[in-house]
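What follows is a set of notes on a single structure, which appears directly below.
The values are calculated or read from the model by the stated rules, or taken from the named source; none is laboratory data. Keep in mind the model is a prediction, meaning the values are calculated, not measured. Heads up, the Cβs are rebuilt from the backbone with ideal geometry, glycines too, and the neighbour counts pull from every protein chain shown.
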Amino acid sequence: PEDTRDAAQARARSAPAPVTDVAKLCVCDLLVAQCDVNCCCDPDCSADDFSLFTTCSVPVVTGDSRLCSQKAAVYSLDVEANPPERIFNLVDQVNPNIFCIHATNYKQALYLKSPEIPTPENFDRLLDEYGGATFSAEPDSWDLDAETENPPDANETYRYEYGVPVQTEDAFLRLPSPVVSSWCSDANPAGFLVNQATKCIRSVSVEKCDSIQALSMLFYINSSILAVSMIENSHKAEIVNITVQSIIFQSLNGMRTLLNSSDVLRLPMVLGELCINAVLGVNYHITYTDTGEIIEAAAAFVLGAISKEALSIEQSFEISFTQENTQPVPLSGNPGYVVGLPVRAGFRPQGYPFPAEFLFAPLALSSSKHSQLTILQSTSTQDCLAAQGARAPVLFGYNMISGCKLRITAAMKCQPLAQTLLDVLKGQSFPEYVASFGNSQAQDVLDWVPITQLHISEQVKSSCQIPVSLGIEVKWTKYGSLVNPQARIVNVTATITTTTLKQLPSGRERIIPVTSSVVFTDISSPAEPGYKAWPTINIKLPFDFFYPFV
Amino acid sequence: NNSSQLSSLPLHILLYVNGIYYIFYFLATLAMIIYKSQVFSYPDDFLAPDLAVLLLMAILEVPRLYLGFKGNLTEAEAPLGLSLGLTVGSVVLCVYLLLWQTYVLWADVLLNALLLAAYALESGLKVTAIAAFVS
């Protein structure tokens, strides 16, 4: 009993021996106990199966071709016979090369190395080497102490470069992000000029929520950012404090309100069955100079309430960098639109066609909804009237369709209902113009395409008409050179389809679907290559060349 | 007069040819070991014995040939006997390179077989020459 156990343990310790017999090797045999199609070496196939094959996907199975002589299993299909049958030959393949391997006395010469099997003796060592979630360097090794091994000059300052972690007094500016799994890891440093947006899950408990550091605003603003990337500690760098830019409260049902005074620090506290003032999202805005120094840092918070049943919350973090004295306008392509970027749109202010400095309104920061074409976003409740104005930006090249359900009761009046539905479909500010190029400037009037509005109604009768669908069709074309065509929007048409609202008997209600869609159509004509014109010979004889004959 | 000359002419010719062939053999085997170490997986603790055997054989070959020439020309059996002893060592090393090298290529087999044949013929001729000198 003991020696059989030892033998079994010894067998378990070593990996199974590799199969080297070519007659038994079959690479295409993937299904267990089933015949693989066109796999002539599959042992699960019967003669009937072979008669249905067309070719052999694996015609030859050999060992290393550098050996002088070796066995080869040759599989072929004899299609002349009726029914087709498989032919299997075991032949000796001879390598005529004078440098072929005649023999080897080194076992692993032609085979892959077997991995180490864990045993009670080497388990600890293997666990140390390979047991962690990742095998890369720990974030602790990025401490400033480790870098003082090569101390630079005391007066030398290092400006920030792209990707360098933003340093604070003791460590680095943290941007919690998911590592390996979705749980938040606080050890992720924010890189300079690297705009990031991350979402991760943090485990919480309502009873102890005022002691969890990551839920309080203080955790995110108590670090002071160094203006330059300093390595030598003797020379103090300028410190930039993180200011609170704005605080938004999010209620349990998702409604967000902006707080007026954002200078008061609100810490999480337990209120009844909820924990309020818990940080649900942080948005860092860092301003830098063109010499790589950070001059300003602001954080916008989203605070919310956690209910008692919640065991974890999702936090979202974002960081964005802006150069000082600039107002970044996000382009959707340069010059042609890039698939996936939002379609830029805008309004024509009053007073056109008089030339003005900025003719169109959309020069605003990236988060402004006024500069984008948006469509209705489907919500989980699917109720048109309860839609809280959630809109999704129209991304170039992505056809979208969304909708909601409208419950009509007998008590509803026609005109207010039609107006509400129009608002739901079109949004609060439906733009009038769409940029034809991704980088169209507001001053260039001709670069903007007006949105054509069409109305399709079912009947001409003046009964109640309510809009039930909005279809935006964007026609675009390829523009520019043949090898690098740019996308250019040529025409945008918004079609509203209305239907009659029949008067319902009291007490009854109807549900009608309301849809909105965006379709992108490529109307580019086939490209014709243009060649340079052939040089022409311009010869003109003088007027009196044939004098005196003419 | 041939009857009074005991030195063996075939042995002399064979020793001469052996010397030239050995130079070619040594360079070819060294080049092939270098080729094998680049193309195949050749760990250092397998490469070292092969190179050591080759170098040892080269070191043995020089006195072996010298003693063979000297013994044959001076018709003395002592150097010839010593050369025979060194030949035995060379044969062993040659057999190692033929059978127990890490990678034995077909060219290795040819070269070593040829060298072994030359050694065998040489040994036979040396024995005959010693017998002629002694008697």
Residue selected from segment B:98-117 under the condition more than 23 Å from A:Val94 (Cβ to Cβ) and at pLDDT 95 or above, by the criterion surrounded by the most Cβ atoms within 10 Å (Cβ to Cβ): B:Leu115
Out of A:Thr287, A:Thr291, A:Thr257, sole residue that is β-branched (Val, Ile, Thr), more than 15 Å from A:Val166 (Cβ to Cβ) and touching a strand residue (DSSP E or B) at 6+ places or on another chain (Cβ under 9 Å): A:Thr257
Neighbours by Cβ (under 9 Å, 6+ apart or cross-chain): first from segment A:101-117, at the interface with chain B (Cβ under 10 Å from one of its Cβ atoms); second assigned to a loop (DSSP other than H, G, I, E, B) and among the aromatic types (Phe, Trp, Tyr): A:Ile101/B:Phe40; A:Thr104/B:Phe40; A:Asn105/B:Trp100; A:Tyr106/B:Phe40; A:Tyr106/B:Tyr42; A:Ala109/B:Phe40; A:Ala109/B:Tyr42; A:Leu110/B:Phe40
Failed item, numbered, when B:Ala52 is tested on (1) under 30 Å from B:Ala131 (Cα atoms); (2) surrounded by fewer than 16 Cβ atoms within 10 Å (Cβ to Cβ); (3) more than 14 Å from chain A (Cβ to nearest Cβ): (1)
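For residues that are among the aromatic types (Phe, Trp, Tyr) and surrounded by fewer than 10 Cβ atoms within 10 Å (Cβ to Cβ), scanning just segment A:498-549, find the one that is farthest from the chain's Cα centre (by Cα).
A:Phe549
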Evaluation of B:Phe69 against (1) free of Cβ contacts under 8 Å to residues at least 12 places away in the same chain; (2) farther than 30 Å from A:Val94 by Cβ (one fails), failing number: (1)
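Please verify whether segment B:57-66 includes one or more residues that are away from chain A (no Cβ under 14 Å) and on the phi > 0 side of the Ramachandran plot. Before you say what the answer is, go through the steps one by one.
The initial filter retains those residues of segment B:57-66 that are away from chain A (no Cβ under 14 Å), namely B:57-66.
Okay, now just the ones that are also on the phi > 0 side of the Ramachandran plot, so none.
Scanning segment B:57-66, I find no residue that is away from chain A (no Cβ under 14 Å) and on the phi > 0 side of the Ramachandran plot, so the answer is no.
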Residue match in segment A:346-354 (condition: at pLDDT below 90 and under 24 Å from the mean Cα position of the chain (by Cα)): no
Filtered residues of segment A:201-226 (kept if β-branched (Val, Ile, Thr) and in contact with a helix residue (DSSP H, G or I) (Cβ under 7 Å, 6 or more places away or on another chain)): A:Val204
Residue satisfying all of: in segment A:365-380; at pLDDT 80 or above and touching a Lys or Arg at 6+ places or on another chain (Cβ under 9 Å); nearest to A:Asn253 (Cα to Cα) among these: A:Gln377
Qualifying positions in segment A:387-410 - polar (S, T, N, Q) and either over 15 Å from A:Val519 (Cβ atoms) or surrounded by fewer than 16 Cβ atoms within 10 Å (Cβ to Cβ) (or both): A:Gln388, A:Asn399, A:Thr409
Residue in segment A:508-517 that is in contact (Cβ under 8 Å) with a residue 60 or more places away in the chain and in a loop (DSSP other than H, G, I, E, B) present: yes
Flag if A:Ser469 is part of a loop (DSSP other than H, G, I, E, B) and among the hydroxyl-bearing types (Ser, Thr, Tyr): no
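Residue-wise test of (1) at pLDDT 95 or above; (2) under 29 Å from A:Leu110 (Cα atoms).
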{"site": "B:Ser3", "(1), (2)": "no, no"}
{"site": "B:Pro10", "(1), (2)": "no, no"}
{"site": "B:Phe26", "(1), (2)": "yes, yes"}
{"site": "B:Leu30", "(1), (2)": "yes, yes"}
{"site": "B:Phe40", "(1), (2)": "no, yes"}
{"site": "B:Pro43", "(1), (2)": "no, yes"}
{"site": "B:Pro49", "(1), (2)": "no, yes"}
{"site": "B:Ile59", "(1), (2)": "yes, no"}
Exclusive hit being assigned to a helix (DSSP H, G or I) and in contact with a Gly (Cβ under 6 Å, 6 or more places away or on another chain), set B:Leu60, B:Leu51, B:Leu67: B:Leu60
Residue count for segment B:77-135, restricted to those that are in a helix (DSSP H, G or I), of a type in the set (Phe, Trp, Tyr) and either in contact with a Pro (Cβ under 7 Å, 6 or more places away or on another chain) or within 11 Å of chain A (Cβ to nearest Cβ) (or both): 2
Boolean, A:Ala72 is within 13 Å of another protein chain (Cβ to nearest Cβ) and not in a loop (DSSP other than H, G, I, E, B): no
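Quick one: which residue in B:Ile34, B:Ile20 is at negative phi and within 14 Å of chain A (Cβ to nearest Cβ)? Don't jump to the end; show me each part of the working.
Numbers: B:Ile20 fails: within 14 Å of chain A (Cβ to nearest Cβ).
Just one listed residue meets the conditions, B:Ile34.
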